[in-house]
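Report on one structure; see the data block that follows.
The values are calculated or read from the model by the stated rules, or taken from the named source; none is laboratory data. Computed from a predicted model, the values in this text were never measured in an experiment. Positions of Cβ are generated from backbone atoms using ideal geometry, with glycine treated the same way; all protein chains shown enter the neighbour counts.
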Amino acid sequence: MSMAVFCEKVLQEQSGVLSVVRLIDTLTQSAAGPEPPKQMPPFIAEVTMIIVLRADKAKGRFGIKVRPEAPSGEQMPSIEQTIQLTGGPWGASIVAPLAFPVGQEGVFWFDVFLTGPSEDYPERLLTRMPLEVFYQPQASTS
């Protein structure tokens, strides 16, 4: 694993080189008004996820599964993609725009799993990606 992060966007040059723009590990949702809600109103979070893997000795078709978990511990729907690894220092990059409902403050965890090219290769947790959500009510006098 070389990288697993959230960002604003990923640019890809004609040469194939990737540039990650504005890393994100925290989202702040705000509400303004004379009496903003005490509890955070639900919203849709939009971020880009990038996962970069290096193959080393791995060869074949593998699956990547990202399983999000809300701060409450509730499992959210998983995201799955198949990659092809050819061994050596090369690997695979997954860039995925995400939009998911947020109804609570706290840390959302995104567990990244690798599944193997055959049934006898167990699912393996590669890393966990945190994304913390804060609510900031802003009372204004008008």
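Details
- A single member of Phe62, Phe108 is within 23 Å of Arg22 (Cβ to Cβ) and surrounded by 17 or more Cβ atoms within 10 Å (Cβ to Cβ), and it is Phe108.
- Screening Arg54, Arg22 for residues that are under 22 Å from the mean Cα position of the chain (by Cα) and at positive phi leaves exactly one candidate, Arg22.
- Tally, over segment 116-142, of residues that are more than 25 Å from Ile50 (Cβ to Cβ) and either surrounded by 14 or more Cβ atoms within 10 Å (Cβ to Cβ) or out of contact with any strand residue (DSSP E or B) (no Cβ under 9 Å at 6 or more places or on another chain) (or both): 5
- Checked against the criterion of being part of a strand (DSSP E or B), touching a strand residue (DSSP E or B) at 6+ places or on another chain (Cβ under 8 Å) and crowded, with 16+ Cβ neighbours inside 10 Å, segment 30-38 contains one or more residues that satisfy it.
- Each residue in segment 1-29 was checked for being surrounded by fewer than 14 Cβ atoms within 10 Å (Cβ to Cβ) and under 30 Å from Ala139 (Cα atoms), and 6 of them qualify.
- Cβ separations smaller than 7 Å between residues 6+ apart or across chains give the following pairs from segment 42-62 residues that are under 11 Å from Met1 (Cβ atoms) to residues that are outside any strand (DSSP E or B): Val52/Ser2; Leu53/Met1; Leu53/Ser2; Arg54/Ser2.
- Filtered by the rule that a residue be assigned to a strand (DSSP E or B) and either surrounded by 16 or more Cβ atoms within 10 Å (Cβ to Cβ) or out of contact with any Gly (no Cβ under 9 Å at 6 or more places or on another chain) (or both), segment 66-85 gives Val66, Arg67, Pro68, Glu69, Gln75, Ile79, Ile83, Leu85.
- Meets criteria (farther than 30 Å from Ala139 by Cβ, in contact with a strand residue (DSSP E or B) (Cβ under 6 Å, 6 or more places away or on another chain), of a type outside the set (S, T, N, Q) and free of Cβ contacts under 8 Å to residues at least 24 places away in the same chain) for Glu80: yes
- Per the conditions (1) basic (Lys, Arg); (2) touching a residue at least 24 places away in the same chain (Cβ under 8 Å); (3) part of a strand (DSSP E or B), the sole criterion not satisfied by Arg22 is (2).
- Within the set Phe62, Phe110, the sole residue that is modelled with pLDDT of 95 or more and either part of a strand (DSSP E or B) or touching a Cys at 6+ places or on another chain (Cβ under 6 Å) (or both) turns out to be Phe110.
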